[in-house]
Every structure is written in structure tokens, then in C-alpha cells.
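What follows is a short report on a single structure.
The values are calculated or read from the model by the stated rules, or taken from the named source; none is laboratory data. These figures come from a predicted structure and were not determined experimentally. Cβ: placed from backbone, ideal geometry, glycine included. Neighbour counts: every protein chain shown.
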Amino acid sequence: MREHWSSRITFILAAIGSAVGVGNIWRFPYLVGENGGGNFVFPYIVLILIFGLSALLLEFIAGSSIKKTALAAFKSLNKKYYYFTFIPLIINFIIFSYYIVVTGWTLFYLLNGLFQLTPNFTDFLASNEPFFYTVAVAILLYLTLHLKVREGLEIVNKYLTPLLFVCILILLVNSIYIFNFDKALSFYLNFNLSQAISPTNLIAVISQIIFSIGVGYGIMFTYASYSENKNIFSSTLAVVLADTLIALLAGLVVFSIVFSTNIDPASGPTLVFVTLPSAFSHFAFGNMLMPIFFFLLFSAAFTSALSMNELLITNMEDQFKFDRKRAAVYSILLILLLSIPSAFSYTKHGLDINGFKFLEFLNDVIVQKFSPLAVLITILYLGWFYKDLEKQSKKQIPFNLTPIFLFLVRYVIPVILGGLFILQFV
């Protein structure tokens, strides 16, 4: 028997928890900063409501009706091209191998923030500590995922996901009254049409949408397979809106602090982990707000790591006929082993590949270049080989929008993803 969420709301909370990760709170703000504020924000809002919503709806409709693990579902849809569907799972596995390390970084900052410490991030990365924090995260993942879905995964998402919203609202209120919220808002409203629709900017926007929602890897398909085949459109809309709202609000919080301390908004990937911790020390309530911010970041990272691990566990159960506890043990041990090069990337023992630290090579080269291909395969497979897609879509999608949806997922989105994949090598 396929396990089920206890209710529709728990499915939505779990899907939001999966979607909202470091991509929303770390990656989104620095991309907004690098691409000129509103020039990135406005096309992001438009495209996530078209591209992101359609891609996620496709996975939710298919997952909730097929009710199998990702690989088993792909094989049942079309055996001829089945082995291509391993690519999305492999990319997810590669992401997970360093995402668990980054989640360890957020745990490190959370614990240090509780003791009102402002750690030196460079010294931390150069030490052996990142691996120990990675192990700590792995233990937390195992304690959650070796249980049945309702007993572990559901309970964690049921409480952590609402706490994400509480944390972001606390930080937002303080941004309005303490930090330079007005400058952050003005930065969001800064807009130049020619820059906004430039190919470079649009590529960054679409890449962030893929990274943020986590569509195309089989994660959302898996979560939907635990749900009832009802109210899928409204559930999809709720997840996309929540994911987008948290990203936008997190960006406002980050830039409110940035403009209060004269930090360059285009500081890049170091914005959250290097510049913000020191910035908190300049404010009267900084010592209280910093642990809240990093609890937000850790919670977002951890719930996304859970979903990546869940995808691995369910497919190990199906492919190797393991029970859940054994699959949880093997998946954690395997990911810990594969995380070692990433955890030690910035130490004297770290591997360098073509001028990249190992973790950066995985993220900036492998995942950046091949994620569009992975998502393309999933979209094509579900869009063309799932024979009941049109029938199920008519049941789920209101206002006779099914023809538009099918046109998007079968033609428009694949063309965009194919073009994006080719451009990675030009």
C-alpha cells in the first residue's frame, strides 16, 4: 500500500517545505542583487506563475494519479527511453551530496547565533567542522525518515514550515522599523525593460525558478503520489505562491539589512554567510535577530534536504525491495560518503577541478549545466508519455485552461529548457 499524507494541508505544507530552501533565502537575494533588483524580480514573478506553475502542476497531476515511485512510474509510461529518466535522479543525488553540506553550514550558524557569536566563515570552511555538521544533519535526516511518512516526514514539515513564515514575518517587521526597508523596496521597484528581458537575465531567472521550486527531479512527483487526486490545481497554486512570497520577503529582509550597513547588494554568494552575520552586530536587537534568521535558513535547508532524501529512499525501496528503515540507513551512509569531498572543499585537503573548489564545481558546472536537461527529460516524459494527462488535467484545471496547460508543458517549456541547456555550452 502506498503511504498517504493525513490531509491535503499536510501535503501542501510538505511541498512548500520541499520547495522553500536555501534557494529562496540565500540564492534568490544575491541573484536579485547581482541583476539589478526589479530587473530580476519582475520577470521572476511573471515566469514562475507561467513556467513554474505549469511544470509543478504537471508533476502533481501525474504523481497524484499514477501513485508510484518516480522510476517505477517512468518505466510504466515508456520502457523504450526509460534509462534516460535516471538522469534527473542522478542530478538530484549530486545536488543532495553538497546540499547536505550547505545545510550543515546553516546549522553551524544557528548554533553559534544562539550563543551570540559571530563566527569567521572562512576559518570554519578551512577546518574539519563542516563535515561534523554534515554528519549531524545526516543523523537528523535519518531520525526523521526511517519512520513512516506520517510519523516522520509529515510531522517535521507540519511544524517547521509554519515556523518559516513566523520567522520571516518577525524579521520583516524588524526590517520595517529598524533597517532600511524603504531602500530595499525601492531596489525591488528599480526596473529597466531592456535589462529585464536580456537573455542573460532571463537565463538567470529560469535557472532560479528550477532551483527554487525543485521541479523536474521527481521530488514533487513523489510527494504528490502520497496525496489524494483532488484539488491539485489549488494545491499547486498555494505551493508556488508560498515559495515566491518567502523568496520575495527574504530578499526584502536581506536588502533592508544590506542598505542599513552600506553593504554592496551585488556581493554575490557570500552575502548571507559572510556579510549578514557581521551586519547583525551593528543593531540593538541583532543578537536576537541573527539566530531567528539562521533558524529560518536552517529550517528551509533541512525540509528541502528531507525531500531529496525521500526521493532516494522511495526509489531504493522500489528498486532493491528494501524496507524503509534499511533504505534510510543505506541512503544516509551513501550520501555521507559522497559528501566528503564537498565538506572538505575549502580545507588544505580540498580537491580543485579546473580552478573550482569541489563543491563549487558540482554546483556551478555539473548542476548548472545539466539541470535544464534533467528537468527537460521529466517534462517530456510526463507531458508526452502519460496517456491520461489530458483526461486528468480536465478534472483538475479550472476555467477550461487545459489546452493552454498542455501547450505549455508539451511545447513551450521543453523548447525553453532545451534552449537553456544548449546555451550552457555556448
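Looking only at residues that are of a type in the set (S, T, N, Q) and outside any loop (DSSP other than H, G, I, E, B) in region 182-213, which one is farthest from LEU373 (Cα to Cα)?
Let us first name the residues in region 182-213 that are of a type in the set (S, T, N, Q), namely 186, 190, 192, 194-195, 198, 200-201, 207-208, 212.
With the extra rule that they be outside any loop (DSSP other than H, G, I, E, B), the set shrinks to 186, 194-195, 200-201, 207-208, 212.
Details: SER186: 36, SER194: 28, GLN195: 26, THR200: 18, ASN201: 19, SER207: 12, GLN208: 15, SER212: 16 Å.
By that ranking, first place goes to SER186.
Please work out if PHE255 is in a helix (DSSP H, G or I) and in contact with a Phe, Trp or Tyr (Cβ under 6 Å, 6 or more places away or on another chain). Lay out the reasoning, then the answer.
On the way: in a helix (DSSP H, G or I): yes; in contact with a Phe, Trp or Tyr (Cβ under 6 Å, 6 or more places away or on another chain): yes.
So PHE255 fits the description; yes.
Conditions (1) under 30 Å from SER198 (Cα atoms); (2) of a type in the set (Val, Ile, Thr); (3) surrounded by fewer than 18 Cβ atoms within 10 Å (Cβ to Cβ), marked per residue:
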position: LEU57; (1), (2), (3): yes, no, no
position: SER65; (1), (2), (3): no, no, no
position: PHE115; (1), (2), (3): no, no, yes
position: PRO119; (1), (2), (3): no, no, yes
For region 343-368, which residues satisfy the criterion of being without any contact (Cβ under 8 Å) to a residue 12 or more places away in the chain and closer than 20 Å to SER127 by Cβ?
HIS349, GLY350, LEU351, ASP352
Going through region 294-330 in order, the residues found to be under 19 Å from LEU71 (Cα atoms), part of a helix (DSSP H, G or I) and of a type in the set (A, V, I, L, M, F, W, C) are LEU306, MET308, LEU311, LEU312, ILE313, MET316, PHE320, ALA327, ALA328
Report whether or not ILE45 is surrounded by fewer than 20 Cβ atoms within 10 Å (Cβ to Cβ), assigned to a helix (DSSP H, G or I) and touching a residue at least 12 places away in the same chain (Cβ under 8 Å).
yes
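Okay, residues lined up against (1) out of contact with any Leu (no Cβ under 9 Å at 6 or more places or on another chain); (2) under 30 Å from PHE187 (Cα atoms):
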position	(1), (2)
GLY33	no, yes
TYR44	no, yes
LEU47	no, yes
ILE66	no, no
ALA70	no, no
ASN78	yes, no
TYR83	yes, no
ILE90	yes, no
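Out of curiosity, is GLY216 within 27 Å of MET316 (Cα to Cα) and either in a helix (DSSP H, G or I) or not charged (D, E, K, R) (or both)? Reasoning before the result, please.
Numbers: within 27 Å of MET316 (Cα to Cα): yes; either in a helix (DSSP H, G or I) or not charged (D, E, K, R) (or both): yes.
Yes; evaluated as a whole, the condition is true for this residue.
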Residue ID - surrounded by the fewest Cβ atoms within 10 Å (Cβ to Cβ), chosen from residues in region 151-196 that are under 29 Å from LEU13 (Cβ atoms) and hydroxyl-bearing (Ser, Thr, Tyr)
TYR159
I'm told PHE179 meets every condition in (1) under 26 Å from MET288 (Cβ atoms); (2) part of a helix (DSSP H, G or I); (3) hydrophobic (A, V, I, L, M, F, W, C) except one. Can you identify the failing condition by its number?
(2)
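Does SER235 fit the bill of being among the small types (Gly, Ala, Ser), touching a Gly at 6+ places or on another chain (Cβ under 8 Å) and modelled with pLDDT of 85 or more? Break it down stepwise before answering.
Values: among the small types (Gly, Ala, Ser): yes; touching a Gly at 6+ places or on another chain (Cβ under 8 Å): no; modelled with pLDDT of 85 or more: yes.
Spelling it out, it is not the case that SER235 is among the small types (Gly, Ala, Ser), touching a Gly at 6+ places or on another chain (Cβ under 8 Å) and modelled with pLDDT of 85 or more.
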